[in-house]
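Read-outs throughout are calculated quantities, based only on the coordinates presented, and are distinct from any laboratory measurement. Fair warning: this is a prediction, and the values are worked out from it, not measured in the lab. Using ideal geometry, Cβ is built from the backbone for each residue, glycine included, and neighbour counts are taken over all protein chains shown.
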Amino acid sequence: MRLQPHIDAFRALPPGVAQAEAHLEAQAQKRVAVRDGQAISTEFFDRSALYVRATGASDTGAATGLTYTENLAEEPVAVMRRAVENARVISATDAVTFTPPGLTYADDPRGPLTPPTLAELTRAAAGLEQAARSFCEDARLASCSLTYTRYVDEVANSLGLAVESACGYYTLECHILSERNGSQGEKKLKLLSDSPDGFNLEPAARDAARTARLLAGTAPIRAGAQPVILAADAACDFLFMLWRAMSAGQNRQSGAAFAGREGQQVAAAGVTLVSSATHPGCPIRYRFDNEGMPVARTRLVDRGVFRSLMSNRGTAGQTGGASTGNAGRRVTMSGVIQAAVQVTPKVLTIEAGEARRDEMLRQMGDGLIVEEILDSFHGIDYASGAFSVPVTCAVVSGGERQPGSRTLVWTGNLAAALNGVAAVGVEMRFSCFRDSYTLGAPDILIQDQSFAGAGGA
Amino acid sequence: MLDHSLAARVIQEALDGGGDFAELFSEDRRELMIEEQRGRIGNVTDARLYGVGIRVLNGPNSSYTYTNDLSAESLMLAAREAAAALGCAGGGLICAPFEPQTVASPNPLRQDPAQVAPERKAALLIEMDAFARSASPFVRNVKADYFETGQNVTVFNSEGVCASEKRTYCRVRLTTTVGDGMRSKAEWRDLLRNDGYGFADRSLWQGEIKDIIDRMVLFLSAEDGPSGVMDVVFEKGESSLFHEAVGHPFEGWAVAEGMSVFSGRLGQQVASPKVTLVDNGALPGLYGSLGMDDTGQPTRRNVLIQDGVLTGYLLDRTSARKLNMQPTGSGRRQNYTYPSSDRMNNTYIEPGDDDDDEMIASLTRGLFVKSIGGGATNPVTGSFNVEVTEGYLIENGRITRPVSGMTISGASDALLKIDRVGRHSPLPVHEGSFCGGGSGLVPVTSFQPRVRVRGMIVGGKDKGEA
């Protein structure tokens, strides 16, 4: 392990350091954007970062400070001392308890860990571009890029814990456009796979092109209360809005809408929300969280009944419960280094149901289909669950999707939306956030939701 | 920072490998974060980033890599690989001699936060927490987090640029929850200081916090906002409206790829003749201001729309090449792990000739928006949205009741629907936000005089039909 110098230093902690923990996060990535088979832009890096927490004395007792560095050659003792120095001004009395050794971890299926050369990646991207273009027919493939990502995580601490995990995967991104009457329709396609040959490209590209064509042009649209199908990508966006309301970290900060509702029916019976280390069909796997805790398979919502907030060791310690293995660092997009341990998902999914898209459309009859939630960061009150977000949507009449699209504003409440789920689709789509956690969802039909916007063409 | 002779060798390696232009972005960045909640300091983190990003261009094609292994061997290898990725033979170009330059920041430092003891910063947060709690009996929870960034940047390029700038940012993020037992509301706001550790002025931050709390309490009992199409008056001052409504479609990466509603529309009427839209990264004292952009180009005033006519775009070097235009000093990035991209700095509508009061008085029904939270834009379609954090109904020519829980959306034609532009536009000295994009999060401001826009889509919790 690259953390071996720190593991060695942990055997004899310097004076003033009661406990210490090191988390190494190494990420390699190569990305090629192609046009007509040629690379037009290339990005690649191989970078490591080190987070060290150390517990020492503060004015109010023991406290844990944190330091972040990208200089892995720095002496471990110096890094620990810097973390402990930061602990000095901490006045909260809940020093962190680090993860003990001896826990049970899942196997470590690693995926492709040897990065492709840029030439190999370019060839693969060019092939995928050609295939995607053939599936788009008269829609335009505006951009195509292929990214290889490998991450290696190591966590070790002075209690004797030392765990490591690695994962490699590919991401294909295509931007598909179509125009009608001077108005653009677009669909962004983002697929994950453990190999360049493993993308289920044809159905996804054909569906994306069809969607782009259907979204082109403005449409006469009904605002007001009506049912809605969240297409799988939009359902992932909705999950991004939702998870913070189920986070013990969010609850500690300013309140979370689902806190205190354990055992209550908060969603329709068809809704099951699972936090876990992986999911079939998703190539990304996390054996442990950023504190070295095994990622527990936790049913946050089980057939509509709320069971548990996601937690890390700190938030679990405050409530007397157990960590769900959801210690993470990158909660949001942020202009600063997100080094503090917070609560994030690892792989969070709305479990697939049995309804196909055409069945949902027939069941809905008249309503809307939302292809994208344009802003799932703002307009959400995690304490109350109220939200107001813009969406790109199209009209469904008599179970048939109509051409054209509009931007409307969807207002509602997270719990009310979950309660209104009438059907859950079969096919899952996955979305990775900042290479930090992954969300997965199928199509979802929700009854009686409120949309605001202008009517007419 | 990076040795000049090594930088020159690295750039030459990139040129020899096939680039017709090469650039190094060298960054040494220190950050400090202190988290407070309920009167206690819970977390203190310091961080140091130190790395180099290498960009190589050949014609319109680009390659980017970065590393924090700053040995000569590592940097030379990175440059070689970046150039090789372009698949072009070396053209025999020679790196021009560097002309070292220290660029002055438009935000002069009054007190270096690195010289302020952490205990003093921690005490500030605790004092802010206590003041916020005392501001109203409806305050249920307060969290105050301190962020400090000291960034030293040097840009080297094959044209001989060797420009350095030191940038300092300080802010406190206040997250507040208010409640009356039946309803609750949580919000966060950043208290920004552009001159270093500028929190010694207690009356200033106390006034800011009181305004935040008073507004949140007022809107706790606000009725649900209406839905439908309404005329909207946006108050003068800091507002992300035009940043979201039209700013992003001016970014060169989208224009060059034909993925902006403004692609190919130079010289066309895209807004009301009352509108002149500017982006200016050189304005002193503002959160989005820099002495140079992140490619070493001086920041400047860029007129994007003049009297309603589209006159320019925001262009990084790569986009400028694709469009056969000149860069505009608009290349920005969050840190060295991102290639620079065309981004906004301080975006604003210039003052006009219309009377602020008349805009309200002449409306039978409308919405008065005093402050806006975040938003998002789709540059392809031009559709955008902004979150209304302080809105009031306009009824029979008067501002009446507060309304809450609303989002305003529209398209780029919102500019054509502006029928009033006020005469006064205060500079947002202690305001601003972060803008997200392909090159990460960057500090920006967006401001305007009081402006009226006809026929915007307003989404509130009222379930009425459009």
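For A:Asp36 and A:Gln402 in the same chain, what is the full-extension length gain: residue separation times 0.36 nm, less their Cα-Cα distance, in nm?
128.5 nm
Once phi is turned into θ = phi - 60°, what whole-Hz ³J(HN,Hα) does the Karplus curve with 6.51, -1.76 and 1.60 give for every residue of segment A:33-41, x standing for Gly and Pro?
Each residue of segment A:33-41 in turn: 9, 10, 9, 6, x, 10, 6, 9, 8 Hz.
Under a crude label model (7 Å from the Cα following the beta-carbon direction), how far is A:Gln265 from A:Ala18 in nanometres?
In this crude label model, A:Gln265 to A:Ala18 measures out at 4.7 nm.
If you place +1 on the Cβ of every Lys and Arg and -1 on the Cβ of every Asp and Glu, how big does the dipole about the Cα centre of segment B:249-366 come out, in debye to the nearest 20?
Dipole of segment B:249-366, to the nearest 20 debye: 720 debye.
Rounded, prolate or oblate for the protein assembly as shown? Axes are the square roots of the Cα gyration tensor eigenvalues, ordered a ≥ b ≥ c, and the cut-off for rounded is a/c under 1.5.
Numbers: a/c = 1.17, a/b = 1.10, b/c = 1.07.
Judged from the Cα gyration tensor, the protein assembly as shown comes out rounded (a/c under 1.5).
Measure nothing but the geometry: give the 0 to 90° angle between the long axis through the Cα atoms of B:202-220 and the longest principal axis through the Cα atoms of chain B, rounded to 10°.
Helix B:202-220 sits roughly 60 degrees off the main axis of chain B.
Listed highest first by mean packing, meaning other Cβ atoms within 10 Å per residue, what order do A:172-178, B:65-71 come in?
Ranked by mean Cβ neighbours within 10 Å, highest first: A:172-178, B:65-71.
Which order do B:Leu416, A:Leu214, A:Leu418, A:Leu103 fall in if you start with the one that has the fewest other Cβ atoms within 10 Å?
Final ranking by Cβ density, sparse to dense: A:Leu103, B:Leu416, A:Leu214, A:Leu418.
I'd like the mean, over residues of B:376-385, of how many other protein chain beta carbons sit within 10 Å of each residue's own Cβ.
Numbers: counts 9, 3, 8, 0, 7, 12, 3, 6, 4, 11.
Counting Cβ atoms of other protein chains within 10 Å of each residue's Cβ and averaging gives 6.
Helix-only estimate, please: 222 nm mean residue ellipticity of chain A, summing -39500 (n - 2.57) across DSSP H runs of length 4 or more and dividing by its residues, to the nearest 500.
-6000 deg cm²/dmol
Tell me which of A:Val228, A:Ala296, A:Ile176 sits at the most positive position along the dipole axis of segment A:169-300, charges placed on C-beta atoms (Lys, Arg +1; Asp, Glu -1).
Of the listed residues, the answer is A:Val228.
For segment B:41-57, what does the Karplus curve 6.51 cos²θ - 1.76 cosθ + 1.60, with θ = phi - 60°, yield as ³J(HN,Hα) per residue in whole Hz, taken in order and with x for Gly and Pro?
7, x, 7, 9, 10, 10, 9, 9, 9, 8, x, 10, x, 10, 10, 10, 10
In degrees between 0 and 90, to the nearest 10, how far off the longest principal axis of chain B does helix B:72-84 point, with axes built from Cα atoms?
Between the helix axis and the principal axis of chain B, the angle is about 80 degrees.
So what is the relative contact order for chain B, in percent, with contacts set as C-alpha pairs under 8 Å and at least six apart?
Relative contact order for chain B comes out at 17 percent.
For segment A:107-256, what is the convex hull volume of its Cα atoms per residue in Å³?
Output value, Cα hull per residue: 190 Å³.
For segment B:130-253, what is the number of Lys pairs with C-alpha distance below 26 angstrom, counting only pairs 8 or more positions apart or on separate chains?
Working: B:Lys143/B:Lys185; B:Lys143/B:Lys210; B:Lys185/B:Lys210; B:Lys185/B:Lys236; B:Lys210/B:Lys236.
So the count of such lysine pairs works out to 5.
Under 1.5 on a/c is rounded, so check that first for chain B, then, if it is not, pick prolate when a/b is larger than b/c and oblate when it is not; a ≥ b ≥ c are the square roots of the alpha carbon gyration tensor eigenvalues.
Oblate, because a/c is 1.5 or more while a/b does not exceed b/c.
So for the pair B:Asn152, B:Ser134, with labels modelled 7 Å out along Cα→Cβ, what separation do we get in nm?
About 4.1 nm separates the two model spin labels.
Give the calculated FRET efficiency between B:Cys88 and B:Asp307 to the nearest 0.05, with a Förster radius of 35 Å applied to their Cβ-Cβ distance. Walk me through the intermediate numbers first.
Working: r = 43 Å, r/R0 = 1.24.
The calculated FRET efficiency here is 0.20.
Let me know the Rg and Dmax you get for segment B:308-466 when you use only its Cα atoms, in Å.
When restricted to Cα atoms, segment B:308-466 yields Rg and Dmax of 17.8, 53 Å.
Relative contact order of segment A:279-398, please, whole-number percent, based on alpha carbon pairs below 8 angstrom and at least 6 residues apart. Provide the component values of the computation, followed by the final result.
Numbers: 156 pairs, mean separation 20.9, N = 120.
Relative contact order for segment A:279-398 comes out at 17 percent.
For helix B:118-134, report the angle its Cα long axis makes with the longest principal axis of the Cα atoms of chain B; keep it between 0 and 90° and round to the nearest 10°.
Tilt relative to chain B: about 20 degrees.
Within the set of other residues whose C-beta is less than 13 Å from the C-beta of B:Val161, count the net charge using Lys and Arg as +1 and Asp and Glu as -1.
Result for the neighbourhood of B:Val161: -4.
Please work out the Cα center distance from segment B:404-466 to segment A:84-129, rounded to the nearest Å.
Distance between centres, Cα-based: 39 Å.
Can you compute the modelled spin-label distance between B:Ser362 and B:Arg423, with each label point 7 Å from Cα toward Cβ, in nm?
According to this spin-label approximation, the distance is 1.5 nm.
Using 0.36 nm per residue of separation minus the Cα-Cα distance, give me the extension gain between B:Arg265 and B:Ser74 in nm, one decimal.
Extra length available between B:Arg265 and B:Ser74 comes to 64.3 nm.
Which net charge results when you count Lys and Arg as +1 and Asp and Glu as -1 among the other residues whose beta-carbon is under 11 Å from that of A:Arg307?
After counting each charged neighbour, the total is +1.
Dipole of the protein assembly as shown, Cα-centred, from +1 at each Lys and Arg C-beta and -1 at each Asp and Glu C-beta, to the nearest 20 debye?
The dipole of the protein assembly as shown has a size of about 1000 debye.
Just going by the charge dipole of the protein assembly as shown, with Lys and Arg at +1 and Asp and Glu at -1 on Cβ, which of B:Leu283, B:Gly438, A:Gly385 is farthest out on the positive end?
Projecting each Cα onto the dipole axis, the largest value belongs to A:Gly385.
Within a 10 angstrom radius of each residue's Cβ in A:403-411, how many Cβ atoms of other chains show up on average? Whole number is fine.
Values: counts 0, 0, 2, 3, 11, 7, 10, 2, 11.
Mean number of neighbouring Cβ atoms from other chains: 5.
Using a Förster distance of 41 Å, how high is the FRET efficiency between A:Gln4 and B:Thr102, based on the Cβ-Cβ distance and rounded to 0.05?
About 0.45, to the nearest 0.05.
Percent relative contact order of segment B:392-466, based on C-alpha pairs within less than 8 angstrom and at least six residues apart?
37
Let me know the shape class of segment A:332-456, please: from the alpha-carbon gyration tensor, a ≥ b ≥ c as square roots of the eigenvalues, rounded when a/c is under 1.5, otherwise prolate if a/b is greater than b/c, or oblate.
prolate
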